[in-house]
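Written below as structure tokens is the structure these notes are about.
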Amino acid sequence: MTREEGFHSILEASAKFQSHIADILEAKAVEAVKAKNWVWHHVFADSFENHEGQLSFTSEIHDHIIEVIDGLTKMETSLASNLKAVLHRHQQEDGGGLGMGADFLNFGEES
């Protein structure tokens, strides 16, 4: 396998990975709508003995959502850094022939 074929293989794998992430996000969105509807129809202030119980319940839901977002952010950041490395190497070998280079993946970071 040539170096170019290796880079192409990495990019194909990244594209498939992104597709799987999109499927996961779609499933999570459906799950979130179902959870929202359940909470909306079944959880009332009267369902809890005190305000602390209600706050604890909603905090658990919030923490779960934050964990999902954090996990997805970490996956996307690592994918971006992998793509950046591949594009940067390709740009160096090719003399900058990609046109836009890897700068579009910096997300405000210094190179």
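Points worth noting:
- Test: residue in region 34-52 that is modelled with pLDDT of 85 or more, among the polar types (S, T, N, Q) and under 30 Å from G6 (Cα atoms): no
- Pair list, Cβ < 8 Å and 6+ apart or interchain, from region 29-54 residues that are free of Cβ contacts under 8 Å to residues at least 60 places away in the same chain and among the small types (G, A, S) to residues that are surrounded by 11 or more Cβ atoms within 10 Å (Cβ to Cβ) and in a helix (DSSP H, G or I): A32/I65; A35/I61; A45/Q54; S47/Q54
- Any chance T58 is of a type outside the set (A, V, I, L, M, F, W, C) and either loosely packed, with under 10 Cβ neighbours inside 10 Å or at pLDDT below 85 (or both): yes
- Conditions (1) modelled with pLDDT of 85 or more; (2) surrounded by 11 or more Cβ atoms within 10 Å (Cβ to Cβ): number failed by L105: (1)
The values are calculated or read from the model by the stated rules, or taken from the named source; none is laboratory data. Because the structure is predicted, anything quoted here is derived from the model rather than measured. Note that we place each Cβ from the backbone using ideal geometry, even for glycine, and neighbour counts take in every protein chain shown.
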